[in-house]
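The values are calculated or read from the model by the stated rules, or taken from the named source; none is laboratory data. For clarity, every value in this text was computed on a predicted model and none was experimentally measured. A quick note on method: Cβ atoms are made from the backbone with ideal geometry, for glycine too, and the neighbour counts reach across all protein chains shown.
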Amino acid sequence: MTPEYIGLPDYIVLGIYFLVLVAIGIYCARLNKRQEDYFMGGRGFGKLMQTFAAFGAGTGPQDPIITGSGTFTKGMNGMWGVMYWLFVTPFYWITGVWYRRMRHLTLGDWYVERYESKKLGGAYAIFGVVFFMIYGSMFFSAIAKTAAPMIGEHVTLFGSEIELQYILVPAVGIIVLLYGMLGGLTAAYFTDLIQGICVIILSCMLIPLGLNALHGDAQLNPNGEGSFSVMHEQLPESFFDLMGGAGADFSLAYLVAIVFSNLFGIVVQPHFIATGGGSAKTEKDARIGLVVGNFLKRFCTLGWVLTGLVAATLYADIPDLIKDPDQAWGYTSMQLLGPGLRGLMLACLLAALMSSVDAYMIVGSVLVVRNLYVPFLNPNASEKNCLLTGKITGTIIVSGSIMFSLLIFDMIQQLTITFWFTLVFAAPFWIGMYWRRATTKAAWITVAYCLLFFTMIPYFGPMIVPGWRTSDTFLQASPMTHTVSREVLDKGSIRKHLALQLEAWQEKAAALGSKDRADIEKAAHERLKPEFINKERTQIKVPNQAGTDLMVLEVGKDRIDVSSPREFETNNDGTPKLYTGGQSIFWDRVVPVNSSIKPIVVNTVTEGDKTVTTFGYPQSTEMQGDGNFKLNLAFFLPLGVDIAGQSKANRSALELVPKIIMPFLVMIIASLITSVTGARNSEEALNRYYAKMKTKVLPDPEADRAKLEAVYAGEKKPDRVKLFPNSQLEIQKPTKADIIGFTISVLTCFAIIGLAFVIAELGG
């Protein structure tokens, strides 16, 4: 039997791993003499370091966990919780050059230069710090979710039981602070190299062990078939559909919306100034490192998908995983790995967290130093003061991430926030990059619009205008139904359903003080056997392979029947299906003003073996919206779009569309209006900026500065030329390297999706 939790060998592995990280921080501390050394590593990183920096910064512990959780619940459609970044990756070949040619320490510096506004740079710095806290919190939440099945959900400290996350999350944060504050970005990059290798090991480690366990499981595989064949036999066919069918979390429309949202938003994520190419020695190093590092993550994602499928097959009947699939990765690790290897697995997941958080800490701290502390508080600050302020700020950022993690502790909620959060500054960046007429006032107007329509009105609007909650226009909801179907289910679905029923039996038996609980526990290990287990006072009837036999538990004189009606009530993944629909369109939920009023049966339709009962509230019931107002869906009301008729995933897509399009429209219109009124930016400053962005970077800093000065003075022409010479557009003519690199990247995307289809067909 596998031990319940990790033991001494695993803690030794973790201890050695932490000591190595701290040692790297101490070593790198000697290399930091200037701000550029601490915050940018002296801009001396080659292809290998840039690759693992991009891989590390873009890979957090939530990625394998979200992928594993989504795959465990929905099958291969769950991979899109991480894989949606794939289609953005080819554009990194183009953007990687931008950050190196900016020659800045922060993206806040870019806003200062392009829009000639220290205040706009300061606003971006505040945005960046908040972003890092929210995004980093997702990583801390993920590691706590994974560690729970390996360490235990509670830790005994000084005689008191404390939930694991309140001990583990702060402890990991302290380790990150130790080596990150000591060694700066250089330490972060060296640890990213080690941690990246660990994450790759993590991605592959469980696959052969899991496949071997499937092949050797006499209960799941009595005929000795191939492991992939066992998966197809045990799991629903929808699990091998990349789009997952109607009930999938990610529809095609939602994926397209997310891709565009992330394409526009990723470029303004604060850490991209470093990991996106700004710290590279050359432009070529920047490009190759950024693209290869991110493609490496996409291949790892396929490994996480395979592990999720293995877990969904082997452990379909574990109630804790059915209720909280985020623990699937940790549970699978505990079951398949031996002593020492479990500690290595946990170290790998910690590596995924640290390789992201350390970069965020360093980049966030330089944002505060460069765009808040120096320009507004201490213009004459010394290098020593700047470095000290940066370290203090880094501590605040990590502490803020820990706080958000402990308060929210919901990775999906944290992830959803990041889909739109970066769009606040996206339009000023993209339009300012390519259009000379973009103005500072227009940028402020756009940021204000985003904050107003993305956060202020949805959260505070209903408080100011309570009538919104009871408006008929905003009380739309999808129909509430209860579906009962009698059908032949896949074996995995039967196991899930029976596991939940067995757990319910155990709880009821315990409440009755049953002495026969051992018999119930024994039955739990014989779930798939279509036979009776008869005892003197306990009777359990388990289903046949069609899943249609009535399951009964009798304890003493009390008869407990928890499977009424007789037929299975299932979702696509086989979990019990109770009420579906009833989802509010414009609110988190719609509820009666009088909470005592309950839904009643409106209609019942039976077709063959399927019965659908529709519920609703009595017509006279006064309803109200509850939670946050989904303001951006209101844009579709004048267009006559049937929002209620859309799937949940498609409604999420519709909600993103205004968040993507409207900031760009506001920015363009505001720029046209303000430029006419005389608010255009300095022509001299614009000429210097665009000349710099068209001038290739030389590896030698002194030579690069001399070349730039010659370009500014008109003694040399920039290396790039405009595609439209006589226009206000600053779109550069693509080079041969641009076209070839982008094409290869697109083909790689198709190759990865093709490989996913191959995995889906194996054994089918």
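For this structure, a couple of remarks:
- Picking from residues in segment 605-643 that are assigned to a strand (DSSP E or B), out of contact with any Phe, Trp or Tyr (no Cβ under 9 Å at 6 or more places or on another chain) and touching a residue at least 24 places away in the same chain (Cβ under 8 Å), the one that is farthest from residue 472 (Cα to Cα) is 610.
- Within segment 52-87, if we keep just the residues that are under 21 Å from residue 136 (Cα atoms) and among the β-branched types (Val, Ile, Thr), the residue that is modelled with the lowest pLDDT turns out to be 59.
- Note on segment 644-668: among residues that are surrounded by fewer than 18 Cβ atoms within 10 Å (Cβ to Cβ), touching a residue at least 60 places away in the same chain (Cβ under 8 Å) and of a type in the set (A, V, I, L, M, F, W, C), the one that is nearest to residue 423 (Cα to Cα) is 664.
- Beta carbons closer than 9 Å, at least 6 apart along the sequence or on distinct chains, never pair a first residue in segment 704-719 that is touching a residue at least 12 places away in the same chain (Cβ under 8 Å) with a second that is in a loop (DSSP other than H, G, I, E, B) and of a type in the set (Gly, Ala, Ser).
- Hits in segment 675-690 (condition: part of a loop (DSSP other than H, G, I, E, B) and surrounded by 15 or more Cβ atoms within 10 Å (Cβ to Cβ)): 680, 681
- Residue match in segment 426-433 (condition: surrounded by 18 or more Cβ atoms within 10 Å (Cβ to Cβ), under 18 Å from residue 658 (Cβ atoms) and modelled with pLDDT under 90): no
- Scanning segment 691-719 for residues that are surrounded by 14 or more Cβ atoms within 10 Å (Cβ to Cβ) and closer than 25 Å to residue 292 by Cα returns 693, 694, 695, 696, 697, 698.
- The criterion of at least 2 residues that are more than 24 Å from the chain's Cα centre (by Cα) and touching a residue at least 40 places away in the same chain (Cβ under 8 Å) is met, among helices (runs of 4 or more DSSP H) falling completely within segment 223-316, by 227-234, 283-314.
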